[in-house]
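The values are calculated or read from the model by the stated rules, or taken from the named source; none is laboratory data. This one's a predicted model, so the numbers in the text were calculated from it and none came from an experiment. Because the Cβ atoms are built from the backbone with ideal geometry, glycine has one as well, and the counts that use them run over all protein chains shown. These accessible areas exclude ligands, DNA and RNA; they are computed on the full protein's heavy atoms, side chains included. Shrake-Rupley method; radii C 1.70, N 1.55, O 1.52, S 1.80 Å.
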Amino acid sequence: THEINWSASDADGDDLFFNIYYSNNNGSDWGMLARDYTNTSYSLNTAYLAGGENSLIKVVTSDGF
């Protein structure tokens, strides 16, 4: 298990939502790990993921607009 942490803010104070993605081919394909997640940390169980040197995590932030 790996803990992923990030920070984000919104200029006008809106709540933020995070979509978390995983790629094991250097970003050619992405699979979603979590949708509309509201925390700024995520516990990732890597036992269920294909690993390798080309693995990436991407967090996409939205304020709902």
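Is there a quick way to get the dipole size of the chain? I mean about its Cα centre, with the Cβ of Lys and Arg at +1 and of Asp and Glu at -1; what is the value in debye to the nearest 20? Before the final figure, lay out each step's value.
Values: 2 positive and 9 negative charges, 68 e Å.
Dipole of the chain, to the nearest 20 debye: 320 debye.
Tell me whether the chain comes out rounded, prolate or oblate; compute the Cα gyration tensor, take square roots of the eigenvalues as a ≥ b ≥ c, and use a/c under 1.5 as the rounded threshold. Numbers along the way, then the final one.
Numbers: a/c = 2.62, a/b = 1.95, b/c = 1.34.
Cα axes put the chain in the prolate bin.
Of the residues A8, S55, T40, the one whose Cα sits farthest towards the positive end of the charge dipole of the chain is S55 (charges of +1 on Lys and Arg Cβ, -1 on Asp and Glu Cβ, taken about the Cα centre). Give, as ranges by residue number, the residues of the stretch 2-35 whose backbone N falls under 11 Å from the point 7 Å along Cα→Cβ of S41. Label zone hits: 3-6. Remark: the chain carries 71 Å² of accessible area per residue (probe radius 1.4 Å; ligands, DNA and RNA excluded).
Given contacts defined as C-alpha pairs under 8 Å and at least six residues apart, what's the relative contact order of the chain, whole-number percent? Before the final figure, lay out each step's value.
Values: 109 pairs, mean separation 30.0, N = 65.
Relative contact order comes out at 46 percent.
Each of the peptides 56-62, 3-9 was scored by the mean count of other Cβ atoms within 10 Å over its residues; in descending order, highest first, they stand as 56-62, 3-9.
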